[in-house]
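Read-outs: derived from the displayed coordinates by stated rules, not from any lab. These figures come from a predicted structure and were not determined experimentally. Using ideal geometry, Cβ is built from the backbone for each residue, glycine included, and neighbour counts are taken over all protein chains shown.
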Amino acid sequence: GQNTEFKIATLAPEGSAWMQRFSTAADEIYEQTDGRVSIRYYAGGVMGDENQVLQKMRFGQLNGGMFTASGLIQRYAGLNNYTIPFLFRDAEEVNNVRERYDQILIDQLGDAGLKSFGLITGGYAYVFSKEPIENLQQLSSLRVWSPEGDPISFSALENLDLSPIEMPISDVLLGLQTGLVDIVSATTSAALILQWHTIVRYMVDLPILYTIGTLVIDNRAFNRLSPQDQLIVATHLNNASLDLDALAESDHQQALNVLSQFGLQITSIDQNSLDQWYDRVDEGIDQISLNRNIDTESLESIYSFLNEYRAQ
Amino acid sequence: MKLFIDRCTALGDKLRKAEALFCTFLIGVIVIIITLQVLSRNFFSYSIQGLDAIVRMMTFYIAMFGAILATHFQRHISIDTFSRFASAKYRYFLECIIDIWCLIIAFSLFYFSLELVQSSFEFGDIYTGEISLWILQLIIPYMFFNHFMIHLMNLINTLARKK
Amino acid sequence: MIFLLFLLLFIIGAPIYSLIAGMTLTSYSEAEIPLVVIILEFFNMSNIPMLLALPLFTLTGYLLAKSEAPKRLIYFSSTFFKLIPNNLIFLSLFLAIFFGAITGSSGITIIAFGSLVYSLLNDRFSDNYLYGFITTSGGLGLLFAPSLPMILYAIIAEIPVYDFFRFAIIPGMVLIVIFYLHSIFLSKGSIQNRDLNIKAPKNNKNIAMWLEVFLPIAVVITIYNGLLAITEIAAFAVLYIFIVEFFISKDLKKEDLIIAVQESMTLVGAIFIILGLSLASTNLIIDQQIPQLIFEYMSQVVGSKFSFFVFLIIFLLLIGAILDIYSAIIIVLPILLPLASLYEVNSIHLGILFILLMEIGFITPPIGLNLFIASNKFQKSITQIYISTIPFFAILLLFVLLVAYFPALFLLPH
Ligand code: NA
Ligand code: NA
């Protein structure tokens, strides 16, 4: 039959762990299909932000992409449920929920026209600040960065009575420098890459949200392959996703070491504040689930599953 | 025929005036919105969500009206060395060619912008949580259609001048 | 064949946007990308965060130039900076660099201050010198904090952004001094400041003068305090100058506002339509991985650090002619960095060359954006603008060669 080339775009930089692992997968696929299937990656965001990639997929210029949960909202919002701030309180909860829900979300993505090859976490996002933060009251007077075009983060932050300031990620470093924002949040690896450590001095030792992403290929393109080739592609991409999913914890430790070498200090928040916080999250969850960008049904399902688990 | 062309030209002139006025209005609104945003952020530590996106869209509208004005006043960027040395007869000929060329381009872009609007409509795309994207995108076919009409009128007028 | 058609249309004066559109339409169909993606990319212009700054700074510039502000600035500068030779050039350079640095775009600077700088200097310099000077000088600001291209470069090259700013100060200053000395050589008449016939502004006009002078200071204060973001400064600048010129100096009347809006938005529209279609052509350039192809071809001939710089300069001049500075950094830098490290070129050194060469790209014919902007702004033929920038092109290129081969002269030791 005819040779197929998948054009896949990502924000992940050239040379990053994601790119390296998926490039290896592409090589394996090319070999095992005798050159019938090849993958061309566009790394480092050269194809634009995730919305732009989705649009280019719609018109067929691109066939797939590696997305973060919020980047997929336009096509499928369910994945974003994992990333609601303070949804998970420990790794145990994450493991239980993912065991139960990953496949459900992947199937729903499939119904939305996107073939996912497994969910990959980027680890937890933490809070970084210029001043040490120890309790909740301190936060109310500070300006918190909220990523532009991410309504979930914005309303979640508002629910916590914080003052979110919307800003594209490219402006954050300058915003921190000038004081337009005081508090930012990201995974430790992202904070390192974006050079926030040159300005922020403190990190709160409290994972505020769980990040998740996935590599997807448009069903229209994927289904053009013969069943055997589909199997080869799926196997290698699934394996790559599994490997990367397991990488997050060690990445975090590595980044944390480097950040500490740059003088980053880690503060912890008092238990009292934390309890207050979790209460507020529980109260606000109904409000959040009303948001049009939230897949209400699956959020409610995950949340009641979590409540059952916590009651045990 | 002549009456029709005159009417079209008059309508075009009126539209250009309205567009310039609308641009002024939009700039005023942008300045007010930004002032409010700055005040609320600095005094109440509160930023209104999605405001940047709305302001950017207004800017895009200003740019599109500006592009129509540039076509209307023939202020588009081009090189003019050659036509400057051309004799009147040739210049007339060149103007016709350029108008025909621009007609074709404007029409093609008009056609494909309708395609984009249609796709946004079918997929029900939303801009910053509230507004239907396809309505906002209508400005693009509007702009290219006006380009098309302006060049068409120019062409007809140039040809009429010859007679 | 089709290329000849475009060339012919270009020569007879078809609008540049129509040619970019024509080329984009044909090359998209050749690459089998749906043509609707052209419009999609065009519409993506509405996502560019700095978009707003362009029309607002343009309008501010028009209002300033239409009022008597230039006269007042000349008076101010020749009264209070008497001792600096060619103090008006100094003032113009200051304005250009300042706005280049905060907007991250030399194009905006041409539009906002082109007329002002022109009227400040036009009886001391030839038109040709001025067009070249104005088209080029905004770019000098890109080497100073908080230049956005530098931040983007630092993030992608993984170098500390403040180190990058610090190291760029010396080459940036040297370049300013070169521009300044060059201007002294070329200024007509004596180096001494002329006696001006302009009378001291009185009453309201005097207040207006101080308010106008205060604008850049206000910008510095608000931006480094975190009070305002850059697009917000653009909005406040319009409001501020609107109040000064309409209500304090009363140089301008109500009718002037709509005319100023119409004229400035005509210019903005002419530029944005090119910008939007360039986004579409950039998308194709990325899709077909053209920078990678040029790079692969050219890197075959590189064998030493010496030839690497020759390669770098030619490569980036080519890239600068087809891509804007931000796309260039995102697309080209990741493929350039490994080769640079192979020849032990330090990333800060590379970065300064990169920014400088992109800046030259803005004034490289046939498609340097600043050339188009200046041509439209001054209503001069683009060939005249090409010619006017040649000496500046030469200065910048010589400077790039110096920085490339004698970095010790310009870079602080580590
Ligand atoms: Na937004
Ligand atoms: Na360029």
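Brief remarks follow.
- With the convex hull drawn around the C-alpha atoms of the stretch C:210-303, the volume per residue stands at 190 Å³.
- Listed residues C:172, C:269, C:100, most fluctuating in chain C (Gaussian network, C-alpha, under 10 Å): C:269
- Computed from Cα atoms, the angle from the helix C:127-137 axis to the main principal axis of chain C rounds to 60 degrees.
- Electrostatic dipole magnitude of the stretch B:1-62 [Cβ: Lys, Arg +1; Asp, Glu -1; Cα centre; debye, to 20]: 160 debye
- Here the stretch B:109-146 and the stretch A:206-278 have alpha carbon centers that stand 35 Å from each other.
- One equal scatterer on each Cα of the stretch A:31-134, no solvent, Debye formula: the resulting log10 I(q)/I(0) at q = 0.21, 0.24 Å⁻¹ is -1.20, -1.36.
- Förster radius 25 Å - calculated FRET efficiency between residue C:300 and residue C:397, Cβ distance, rounded to 0.05: 0.55
- Value of Rg/Rh across chain B [Cα atoms, Kirkwood radius]: 1.09
- Directionally averaged shadow of the stretch A:77-234, computed from the convex hull of its alpha-carbon atoms, nm²: 10.7 nm²
- Residue order, fewest to most beta carbons within 10 Å, for B:8, B:23: B:8, B:23
- Note on the protein assembly as shown: dipole from Cβ charges, positive end direction compared against C:332, C:295, C:376; the farthest Cα belongs to C:376.
- The residue among C:280, C:218, C:239 whose Cα reaches farthest toward the positive pole of the charge dipole of the stretch C:192-307, with charges on the beta-carbon of Lys, Arg, Asp and Glu, is C:218.
- The residue C:290 and residue A:5 beta-carbon pair, evaluated with R₀ = 22 Å, returns a calculated FRET efficiency of approximately 0.85.
- Calculated [222 nm] ellipticity per residue, helices only, for chain B: -29000 deg cm²/dmol; basis is -39500 (n - 2.57) per DSSP H run with n ≥ 4, divided by all residues, nearest 500.
- A cut-off of 5 Å between modelled amide H atoms, ignoring neighbours fewer than 5 places along the same chain, links residue A:165 with A:144, A:145, A:146.
- Semi-axis lengths, Å, the protein assembly as shown, gyration tensor of Cα atoms, sqrt of 5 times eigenvalues: 45, 33, 29
- Residue C:254-residue C:199 FRET efficiency (beta carbon distance; Förster radius 30 Å; 0.05 resolution): 0.65
- A simple rule links phi to the HN-Hα coupling: the Karplus curve 6.51 cos²θ - 1.76 cosθ + 1.60 with θ = phi - 60°, which for the stretch A:51-64 gives 4, 5, 5, 4, 5, 5, 5, 4, 8, x, 5, 10, 10, x Hz, with x for Gly and Pro.
- Across the stretch A:263-278, computed HN-Hα scalar couplings (Karplus, 6.51 cos²θ - 1.76 cosθ + 1.60, θ = phi - 60°) run x, 5, 9, 10, 10, 10, 9, 6, 4, 4, 4, 4, 4, 3, 4, 4 Hz from first to last residue, x flagging Gly and Pro.
- Counting every alpha-carbon pair across chain C, the share separated by more than 42 Å comes to 14%.
- Among C:323, C:91, A:212 - extreme Cα towards positive end, dipole of the protein assembly as shown, charges at beta-carbon: C:91
- Residue with peak Gaussian network fluctuation, chain C [Cα springs, cutoff 10 Å], from C:354, C:43, C:309: C:43
- Three semi-axes of the equivalent ellipsoid, chain A, Cα gyration tensor, whole Å, largest first: 34, 22, 18
- Around the Cα centre of chain A, unit charges on the Cβ atoms of Lys, Arg, Asp and Glu (plus for the first two, minus for the last two) sum to a dipole of about 980 debye.
- Chain B - charge dipole about Cα centre, Lys and Arg +1 at Cβ, Asp and Glu -1, debye rounded to 20: 940 debye
- Result for chain B in a Gaussian network model with C-alpha springs under 10 Å: among B:142, B:46, B:92, the largest mean-square fluctuation is at B:46.
- Expected 222 nm ellipticity per residue - DSSP helices of 4 or more, -39500 (n - 2.57), all of chain A, to 500: -14500 deg cm²/dmol
- For residue A:9, distant residues with modelled amide H under 5 Å away: A:42, A:64, A:65, A:66
- Alpha-carbon centroid distance for the pair the stretch A:105-174 / the stretch B:1-63, whole angstrom: 31 Å
- Each residue of the stretch B:18-29 was assigned a 3J(HN,Hα) from its phi angle through the Karplus expression (A = 6.51, B = -1.76, C = 1.60, θ = phi - 60°), giving 4, 5, 4, 4, 5, 4, 4, 4, 4, 4, x, 4 Hz with x at Gly and Pro.
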